[in-house]
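Notes for the one structure printed next.
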Amino acid sequence: MSSYIEKVLKKIQEKNQYEKEFNQAVKEVLYSIKPVVEKHPEFEKSALLERLCEPERIITFRVPWTDDRGNVQINRGFRVQFNGSIGPFKGGLRFHENVNLSIIKFLGFEQVFKNALTGLPIGGGKGGSDFSPKGKSDNEIMRFCQSFMNELQRHIGHDLDVPAGDIGVGAREIGYLFGQYRKIKNCFEAGVLTGKGLSYGGSLARKEATGFGLLYFISAMAQHHSIDLKGKSAIISGSGNVAIYACQKAQELGIKVIAMSDSTGCIKDEKGIDIEEIKRIKEVERLRIKEYLKKYPDAQYFENIPNQPQKIFSIPAQIVLPCATQNDINLDTAKQLVKNGTIIIGEGANMPTENDAIEYLIQNNILLAPAKAANAGGVATSALEMSQNSMRYFWSFEEVDQKLKQIMNNIYSSCLDAVEEYNLGINYCAGANIAGFKKVADAMTAQGII
Ligand code: NDP
């Protein structure tokens with residue numbers, strides 16, 4: 001290991017010792033960019049890696065709101081503006097009870113490389129709150145979003161920082177956030193948030209983009225490795241925005257999706273998942289996935305056990321798409337997947353695989369499509385939404401989808417180029433990190449010590 005990288009990692013671990021997820025994400029990137037760093041001794045002189053790993057700005061704030069019984073509740077809000085060297089900060093907002101600074105920093109850090117990989121002019125950021133919309137009424141969610149935006153509005157803008165959705169933040173939450181921003185600023189600044197509804201500046205195909213993009217990336221990878229996806233079996237963890245549209249596109253490509261999950265457990269349907277029923281349960285009714293058995297009593301349900309790997313990963317399938325949350329696949333799960341005959345893993349979620357599990361999977365010849373590249377379709381289409389907002393114009397679904405496909409093919413090519421240039425075998429994780437890093441490092445170097 002390069003001594004410069006070791007030195008930086010040690011410093012970061014000392015400075016952020018309670019931030020497990022952030023340290024994990026930094027370690028994964030810094031180890032993999034070693035061959036590039038070794039070619040550029042000037043990086044050490046300009047402390048490039050130290051600057052890359054320190055957010056430009058961290059904002060935390062109080063979010064008071066009143067629940068339906070009249071009780072005052074307090075949550076904590078975050079926005080981490082990680083790196084703006086190639087464009088305005090861009091990245092989603094996550095509302096989930098386990099959100100903390102470490103999680104927002106890891107997501108913001110990863111976003112920097114992901115956004116660079118899209119080839120579009122967007123920097124990296126992320127935000128959110130330890131507020132969970134689950135079990136809250138629409139009115140409570142609206143009041144929370146309004147209070148959250150009362151503070152966030154000071155720090156965002158279409159040329160400054162453009163948030164979007166993530167776990168717990170979908171079209172409903174973006175609508176309330178946008179409404180409050182418009183009210184406070186007294187202007188219709190459409191490009192300040194993405195993932196908006198179609199009636200007020202949203203883009204067609206944004207909702208589908210992350211899941212569709214994941215399958216476009218996997219298709220490009222499968223084609224390069226002469227693998228026919230048609231007829232292969234798949235399991236998808238999660239049943240939210242990314243999982244649903246990954247399932248839809250997988251089925252369009254002839255893949256048989258046999259299981260999906262939520263945080264409580266998973267359903268297995270050997271005949272193939274009815275995705276329209278999942279949409280009804282999850283997008284419309286907002287119920288638990290177990291509800292699926294009411295319409296399909298022959299399907300099976302397996303309940304998760306707290307602090308143990310999600311049950312879904314024990315169901316054998318050739319394609320595995322983790323589309324729920326971080327660190328779903330640990331080393332034991334990885335071993336199970338290898339035993340189960342998995343060929344391809346496509347990361348729809350951010351950092352769903354632990355570092356030692358990544359290493360094990362690659363050593364065992366599993367094609368791993370890394371999150372920073374494979375789930376970049378969402379943010380890329382958000383950037384297309386910003387372009388349409390600037391032009392005050394809308395592209396058709398087909399136009400946006402076509403651009404998305406092209407972007408995902410380009411991302412795959414960038415990863416492949418890096419893999420070939422640095423003799424990385426099938427290590428697309430390192431390939432994605434290197435391709436994203438080179439672009440950011442170049443922009444940071446050009447802009448001097450700031
Ligand atoms: P949603 O909130 O729409 O769905 C999240 C899904 O994951 C739900 O099924 C949820 O189950 C499950 N889940 C969440 N937390 C846990 C947990 N701790 N354990 C088990 N299951 C869990 O989020 P998205 O689909 O938007 O996001 C999913 C992943 O994709 C995240 O990692 C996100 O960062 C990433 N991503 C999202 C993008 C987007 O465009 N939306 C873009 C790029 C990446 P339950 O309902 O029971 O909580």
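The values are calculated or read from the model by the stated rules, or taken from the named source; none is laboratory data. Here the structure is a predicted model, which means the values were calculated and not measured. Neighbour counts run over all protein chains shown; Cβ positions are idealised from the backbone, glycine included.
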| Would you say LYS207 is more than 23 Å from LYS311 (Cα to Cα), near the ligand (Cβ under 10 Å from one of its atoms), among the charged types (D, E, K, R) and buried (at least 19 other Cβ atoms within 10 Å of the Cβ)? | yes
| request: Under 8 Å between Cβ atoms, at least 6 apart or on separate chains: pull out the pairs that start in region 201-221 with a residue that is under 27 Å from LEU416 (Cβ atoms) and end on any residue that is among the aromatic types (Phe, Trp, Tyr) and within 12 Å of the ligand (Cβ to nearest atom). | output: ALA205/PHE212; GLU208/TYR245; ALA209/TYR245; THR210/TYR245; GLY211/TYR245; PHE212/TYR245
| task | Search region 93-114 for residues that are within 22 Å of MET149 (Cα to Cα) and touching a residue at least 60 places away in the same chain (Cβ under 8 Å) and pair each with any residue that is near the ligand (Cβ under 9 Å from one of its atoms) and β-branched (Val, Ile, Thr) when their beta-carbon atoms are under 7 Å apart and the residues are at least 6 apart or on different chains. | result | LEU93/VAL169; ARG94/ILE167; ARG94/VAL169; PHE95/VAL169; HIS96/ILE167
| message | Return the residues of region 303-329 that are surrounded by 16 or more Cβ atoms within 10 Å (Cβ to Cβ), within 13 Å of the ligand (Cβ to nearest atom) and more than 12 Å from ILE345 (Cα to Cα); say none if nothing qualifies. | response | ASN304, PRO309, GLN310, LYS311, ILE312, ALA324, THR325, GLN326, ASN327, ASP328
| field | Candidate set: region 105-142, residues that are aliphatic (A, V, I, L, M) and assigned to a helix (DSSP H, G or I); chosen: the one nearest to the chain's Cα centre (by Cα) | value | LEU107
| said: For a quick check of your reading of the model, give me the residue pairs whose first member lies in region 62-74 and is within 17 Å of ASP130 (Cβ to Cβ), whose second is among the hydroxyl-bearing types (Ser, Thr, Tyr) and in a loop (DSSP other than H, G, I, E, B), with beta-carbon atoms closer than 8 Å and at least 6 apart or on different chains. | reply: none
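So in region 67-93, with the set limited to residues that are of a type in the set (D, E, K, R) and crowded, with 24+ Cβ neighbours inside 10 Å, which one is nearest to GLY168 (Cα to Cα)?
First, pick out the residues of region 67-93 that are of a type in the set (D, E, K, R): 67-69, 76, 79, 90.
Next, only the ones that are crowded, with 24+ Cβ neighbours inside 10 Å stay: 79, 90.
Details: ARG79: 16, LYS90: 18 Å.
Among them, the one singled out is ARG79.
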| task | Mind listing just one residue for me: the one in region 235-266 that is surrounded by 20 or more Cβ atoms within 10 Å (Cβ to Cβ) and more than 16 Å from the ligand (Cβ to nearest atom) and, of those, nearest to PRO316 (Cα to Cα)? | result | ILE258
| remark: For region 252-270, pairs from a residue that is within 12 Å of LYS232 (Cα to Cα) to a residue that is more than 10 Å from the ligand (Cβ to nearest atom) and of a type in the set (Asp, Glu), with Cβ under 8 Å and 6 or more apart or across chains, are ILE258/ASP269; ILE258/GLU270
| request: Working only within region 100-121, note down all residues that are within 13 Å of the ligand (Cβ to nearest atom) and aliphatic (A, V, I, L, M). | output: ILE103, ILE104, LEU107, LEU117
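So which residues in region 330-340 are more than 16 Å from the ligand (Cβ to nearest atom) and either in a helix (DSSP H, G or I) or among the aliphatic types (A, V, I, L, M) (or both)?
Within region 330-340, LEU331, ASP332, ALA334, LYS335, GLN336, LEU337, VAL338, LYS339 meet the criteria.
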| Here are some residues: LYS230, LYS295. Which one is surrounded by fewer than 17 Cβ atoms within 10 Å (Cβ to Cβ), within 30 Å of LYS136 (Cβ to Cβ) and away from the ligand (no atom under 12 Å from the Cβ)? | LYS295
| note | The number of residues in region 23-41 that are surrounded by 23 or more Cβ atoms within 10 Å (Cβ to Cβ) and over 18 Å from ALA432 (Cα atoms) is 0
| field | Residue among ASN389, ASN365, ASN375 that alone is closer than 20 Å to GLN223 by Cα, more than 18 Å from the chain's Cα centre (by Cα) and modelled with pLDDT of 95 or more | value | ASN365
| Residue check for ALA171: within 22 Å of VAL112 (Cα to Cα) and within 12 Å of the ligand (Cβ to nearest atom) | no
| field | Scan of region 144-175 for residues that are more than 15 Å from LYS196 (Cβ to Cβ) and part of a loop (DSSP other than H, G, I, E, B), ordered by number | value | GLN153, ARG154, HIS155, ASP159, LEU160, ILE167, GLY168
| Can you pull out the helices (runs of 4 or more DSSP H) entirely within region 207-322 that have at least 2 residues that are in contact with a strand residue (DSSP E or B) (Cβ under 7 Å, 6 or more places away or on another chain)? | 241-252, 292-295
